[in-house]
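The values are calculated or read from the model by the stated rules, or taken from the named source; none is laboratory data. As the structure is a prediction and not an experimental result, all values here were calculated from the model. Here the Cβ is made from the backbone with ideal geometry for all residues, glycine too, and neighbour counts use every protein chain on show.
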Amino acid sequence: MNHWAFVTAAYVVGLGGTGAIVLQSWLAMRRAERAADELRRR
Amino acid sequence: MKAKHQRLMLAGLGLVAVLGASGLALSALQDEAAFFYAPADVAAKAPPTDRAVRLGGMVEAGSIRPQPDGVSIAFVVGDGKARVPVTFSGIAPDLFKEGSGVVAEGRFRADGSFAADNLLAKHDERYMPPELAGKMAAAETLEQ
Amino acid sequence: MIHALANPVRFLKIARPLTPILLFGGLGLLLFGAWAGLTRTPPDYLQGETVRILYLHVPAAWLGMGGWTSIAIASFAFLVWRHPLANLAARASAVPGAAFAAICLATGSIWGRPTWGTWWQWDGRLTSMLLLFFVYLAYIALARADAQRGGDGRIPALFGLAGTVLLPIIRYSVIWWNTLHQGQSLTLTKSTIDNAILWPLAFTLSGFSLLFGAIVLMRMRALLAAGKVEARMRRMAAA
């Protein structure tokens, strides 16, 4: 059995999952802060 | 001020109670939650023979013998206190080796031996590069 | 003293510049650690190349448990001092904590197949970690429902405190019970992992930790901003 297949799969899951949660948090923050800023300007 | 101290006390007590419950769960489940029987457990108390259980320990050095039928192997699982003979037919995992850990799934026979229908390699907590492992093995041989 | 720190305006003054520092610092450390773990270390004498999964699995496990530790501390602070920022901190830790617990379970399973010869076994360590993941999901659902119904956050905080019961069970499962999972390699004072294999773990561990901090700050800022919008809407509706 080739071990690198398992290593690659684990790194895709680990780094991909971390990237996804970082991106989602950043987008949610940007959306919420923009909405707050716009409301203040009005 | 007083209400805050009261809440501090209550929350602190709650946390202590939760951690206490955790400790109780750990010790109460100690026998029930064991993943496998060790050979010493088998020697101390006869294991059930009527249902599938697991047996875990070290594969004794020099004990793996291929059987005449070509697909089965026999070996001995020990933990330094007791030993149990095991038979297994099938494909063993890569890390199944003499002198390393194993968890066998199967049933105990009436004579105290174990018939395994699946083997899991149990890894230990040591990690090292191959050269170092080679050196350590050489050092051990020299000491003997 | 705690109230001075817990003022939202003061919090934002610190959190705004801190977020990119943690985010990019964490990403840099993590990517360097992952690269080093993939290319700069020798394989293990028994496991071979699959040992490299440890550079992701161990930090994910620590942060999966660390996430609940911060939920517990923040819940405790919220219950005692009733400060809304503590409540936000607890809620903001839940999703990243659950994500890291899931990554820990997934990478562990991928490591278990070539090493143990099985994707999954109901052993003490694996089962208690899976339980923690479900407890995270329950907390997330509970906190969301509580916020939507205009609850004061006390019920999720009590749940956050109660869930702490799992942390010692996970930690000591490999010592107290016979488990398939190996015993601890790393304790505060010693390590049974050779230094040639161990060193990238320091980078991935600190990288993941900084990223965890960045995620919590970003989620707290999102929750704060959403609260501001909601308050203003309510005032506008009343006017």
Between residues in segment B:92-109 that are within 11 Å of chain C (Cβ to nearest Cβ) and residues that are of a type in the set (Gly, Ala, Ser) and in a loop (DSSP other than H, G, I, E, B), which pairs lie under 7 Å by C-beta distance while being six or more apart or on different chains?
B:PRO93/C:GLY117; B:GLY99/B:ALA61; B:GLU105/B:ALA52
Quick one: which strands (runs of 3 or more DSSP E) sit completely within segment B:1-89 and have at least 2 residues that are touching a residue at least 12 places away in the same chain (Cβ under 8 Å) and within 25 Å of C:THR127 (Cβ to Cβ)?
B:53-59
Among (1) in contact with a strand residue (DSSP E or B) (Cβ under 8 Å, 6 or more places away or on another chain); (2) surrounded by fewer than 19 Cβ atoms within 10 Å (Cβ to Cβ); (3) of a type in the set (D, E, K, R), where does C:ARG10 come up short?
(1)
Across segment B:94-128, the tally of residues that are in a loop (DSSP other than H, G, I, E, B) and within 24 Å of B:ARG51 (Cα to Cα) stands at 5
Looking at segment C:184-200, which of the residues that are more than 14 Å from B:GLU125 (Cβ to Cβ) and not aromatic (Phe, Trp, Tyr) is surrounded by the most Cβ atoms within 10 Å (Cβ to Cβ)?
C:PRO200
Given the criterion over 16 Å from the mean Cα position of the chain (by Cα), more than 10 Å from every other protein chain (Cβ to nearest Cβ) and crowded, with 18+ Cβ neighbours inside 10 Å, identify the matching residue among C:LEU79, C:LEU85.
C:LEU85
Say we look at segment C:186-239 and pick out the residues that are out of contact with any Phe, Trp or Tyr (no Cβ under 6 Å at 6 or more places or on another chain) and of a type in the set (Ser, Thr, Tyr); which of these is farthest from C:LEU18 (Cα to Cα)?
C:THR192
Is it the case that segment A:16-23 has a residue that's surrounded by fewer than 18 Cβ atoms within 10 Å (Cβ to Cβ), part of a helix (DSSP H, G or I), touching a helix residue (DSSP H, G or I) at 6+ places or on another chain (Cβ under 7 Å) and not basic (Lys, Arg)?
no
Selected residue (only one of C:TRP62, C:TRP68 is more than 10 Å from chain B (Cβ to nearest Cβ), in a helix (DSSP H, G or I) and surrounded by fewer than 23 Cβ atoms within 10 Å (Cβ to Cβ)):
C:TRP62
Out of curiosity, is C:THR164 within 29 Å of B:ALA25 (Cβ to Cβ) and either within 7 Å of chain B (Cβ to nearest Cβ) or more than 23 Å from the chain's Cα centre (by Cα) (or both)?
yes
Within segment C:74-172, which helices (runs of 4 or more DSSP H) (wholly inside it) include 2 or more residues that are modelled with pLDDT of 95 or more and closer than 21 Å to C:GLN182 by Cα?
C:84-116, C:124-148
Could you tell me whether any residue of segment B:111-119 is farther than 29 Å from C:TYR45 by Cα, modelled with pLDDT of 85 or more and among the hydrophobic types (A, V, I, L, M, F, W, C)?
yes
Look at C:LEU38 and say whether it is buried (at least 17 other Cβ atoms within 10 Å of the Cβ), more than 27 Å from C:TYR136 (Cα to Cα), free of Cβ contacts under 8 Å to residues at least 60 places away in the same chain and not aromatic (Phe, Trp, Tyr).
no
Quick test for you: out of B:ASP41, B:ASP50, B:ASP79, pick the one residue that is more than 21 Å from C:GLN182 (Cα to Cα) and of a type in the set (Asp, Glu).
B:ASP50
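Let's see how each residue does on (1) surrounded by 15 or more Cβ atoms within 10 Å (Cβ to Cβ); (2) of a type in the set (Lys, Arg); (3) within 30 Å of C:ALA157 (Cβ to Cβ); (4) more than 23 Å from the chain's Cα centre (by Cα):
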site: B:ALA3; (1), (2), (3), (4): no, no, yes, yes
site: B:SER27; (1), (2), (3), (4): no, no, yes, no
site: B:PHE36; (1), (2), (3), (4): yes, no, no, no
site: B:ASP41; (1), (2), (3), (4): yes, no, no, no
site: B:MET58; (1), (2), (3), (4): yes, no, no, no
site: B:SER63; (1), (2), (3), (4): yes, no, no, no
site: B:VAL76; (1), (2), (3), (4): yes, no, no, no
site: B:GLY80; (1), (2), (3), (4): no, no, no, no
